[in-house]
Structures are given as structure tokens and as C-alpha cells.
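Novice: Sending over a structure as C-alpha cells; questions will come in a sec.
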Amino acid sequence: MLFVEQKFNIPDLKGISKKNIEEHLKLYAGYVKHANLILEKIPEYRGYTKEDAFAPYAVSEIQRRFSFEFNGMRNHEVYFRSLEGEPKALSQESSLAKALGQEWGSFDAWLAEFKATALTRGIGWAMLYWDPSSKQLLNAWVDEQHLGQLQNCALILGLDMWEHSFVFDYQPSGKKNYVEDFFANLNWGVIEKNFVEATK
Ligand SMILES: [Fe+2]
């Protein structure tokens, strides 16, 4: 079964232009397209013969790239979904606010750590996960789309720190402002739901 490209209803955002979002959505569509391409191509190579020396390399190479495309697709879906609707603060009565407070002492302490993670040198993602095994929230950094994803953890909040997500509007030197504006634009209602779903 092939993956379906999701549609997002993203309002005008603070700092992040419509043009940047449009271009970014094209990149997201590319992840969906390539994840599907790999799913379609692998069966074509299954019947390779001994004479076709290239085929084993081809199939192993596209297989190992699958996690890059798949996680690129899923990471962006969490990111764009979190910017839908309108900016909304985290309800201090929510189960997520309580869990953040329990783990980090306060929401502000968690936010400071998460922002520091986001400003890690290099391209990737700042992530907030829920680990269902130990029942705790975890901050993490993911290189590219797939290196550093936490196994069996649910992604609650994902902040895209690839340069394509901010350089058009902020220039490389404006990375910190992009992070601040992301939180100004964030609909915490979506993030609260992600957490409720993950902890059901
Ligand atoms: Fe991106």
C-alpha cells in the first residue's frame, strides 16, 4: 500500500513566509514520492539473476535509504500539522504541561533545553518524544531525517532545523529567530493531542 501525501491548512505565520512554506511542502511531497518509489522498486529487483551483478547493490542501496524517506515524510507531517489552526499556548491544566513539569521541573526549563537542542550545529530536527516503555518524555536531536530517531517512541513535537525551513526568510544568521517564531506560531492544542494519543 502506498503512502498518501497529506494536505495542511497553514495560516499566515509570524516570520515564516507563505513562499517558504510552499517550497517546504514541495520537499515534503518529495519524501512521500520517494518513500513510495522505494516500495514500488524493491519488488522489481527481487527476481534478479546471478548475471545481473548490479542488482543486489541497487536493492540494498534503495532499502537502506527507505528510513530517510519514510522518516522525512513522517517528521514533516508532525511539523506542518503543529502549525495548523492558529497559535495556541500550552494549557497549564493539560496532561502534557504536567508531564513536562514533572520531568524538567518547569515548562520553561524544558523549553530552554529544547531550544538549545534545536540550535545544535548542523542540520536535523529537535524532537520531543514519549517513551511508552519507561513512560517519560525525552528531548532528542535527529540528524538528517533518520539518524537518532528513538525506537518505539511517539513523536510529540518536531522542529525542523534543516536550513530549507528557515534560510529563505531568516538567512543562516537568523536561526535563533526562526526557533523563537516557531514557538510563537505553534498550536499547542495539536501537540497536547499528540501527547494524549501517545499516552492512551
Ligand atoms: Fe524540512
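The values are calculated or read from the model by the stated rules, or taken from the named source; none is laboratory data. This is a predicted model, so every value here is computed, not measured. Cβ placement follows ideal geometry from the backbone for every residue including glycine, while neighbour counts extend to all protein chains displayed. What goes into the accessible areas is simple: the full protein's heavy atoms, side chains included, and nothing from ligands, DNA or RNA. Shrake-Rupley method; radii C 1.70, N 1.55, O 1.52, S 1.80 Å.
Novice: Any chance you could count how many residues in segment 56-94 are within 16 Å of the ligand (Cβ to nearest atom), small (Gly, Ala, Ser) and under 21 Å from Asp108 (Cα atoms)?
Specialist: Qualifying residue count, segment 56-94: 1.
Novice: Name, by its number, the condition in (1) in contact with a Gly (Cβ under 9 Å, 6 or more places away or on another chain); (2) among the hydrophobic types (A, V, I, L, M, F, W, C); (3) open to solvent by less than 30 Å² (accessible area, probe 1.4 Å) that does not hold for Ala109.
Specialist: For Ala109, the exception is condition (3).
Novice: Same structure, new question: Just to verify a result, which residue in segment 110-134, among those that are in contact (Cβ under 8 Å) with a residue 40 or more places away in the chain and part of a loop (DSSP other than H, G, I, E, B), is nearest to Lys98 (Cα to Cα)?
Specialist: Pro132
Novice: Please go through segment 105-162 and give me each residue that is of a type in the set (D, E, K, R), within 27 Å of Gln92 (Cβ to Cβ) and out of contact with any helix residue (DSSP H, G or I) (no Cβ under 7 Å at 6 or more places or on another chain), ordered by number.
Specialist: Asp108, Asp131, Lys135
Novice: Oh, and also: Select from segment 118-139 the residues that are more than 22 Å from His24 (Cα to Cα) and surrounded by 17 or more Cβ atoms within 10 Å (Cβ to Cβ) and list them in ascending order.
Specialist: Tyr129, Trp130, Leu137, Asn139 - these are the residues of segment 118-139 that are more than 22 Å from His24 (Cα to Cα) and surrounded by 17 or more Cβ atoms within 10 Å (Cβ to Cβ).
Novice: Can I ask one more? Output the qualifying pairs, or none if there are none: Cβ atoms under 6 angstrom, residues six or more apart or on different chains, first residue in segment 8-30 and more than 12 Å from the ligand (Cβ to nearest atom), second residue among the hydrophobic types (A, V, I, L, M, F, W, C) and open to solvent by less than 50 Å² (accessible area, probe 1.4 Å).
Specialist: Filtered contacts from segment 8-30: Phe8/Phe80; Ile10/Ile21; Ile10/Leu83; Lys14/Ala184.
Novice: Now, a different point. Can you work out which of the residues in segment 159-193 that are away from the ligand (no atom under 16 Å from the Cβ), in a helix (DSSP H, G or I) and of a type in the set (S, T, N, Q) is farthest from the chain's Cα centre (by Cα)?
Specialist: Ser173
Novice: Give the residues of segment 145-158 that are free of Cβ contacts under 8 Å to residues at least 60 places away in the same chain and within 16 Å of the ligand (Cβ to nearest atom), sorted by residue number.
Specialist: Leu147, Gly148, listed by residue number.
Novice: Let me ask something else. Taking the options Ser67, Ser17, Ser82, Ser91, name whichever one is over 22 Å from the mean Cα position of the chain (by Cα) and either open to solvent by less than 70 Å² (accessible area, probe 1.4 Å) or acidic (Asp, Glu) (or both).
Specialist: Only one candidate qualifies: Ser91.
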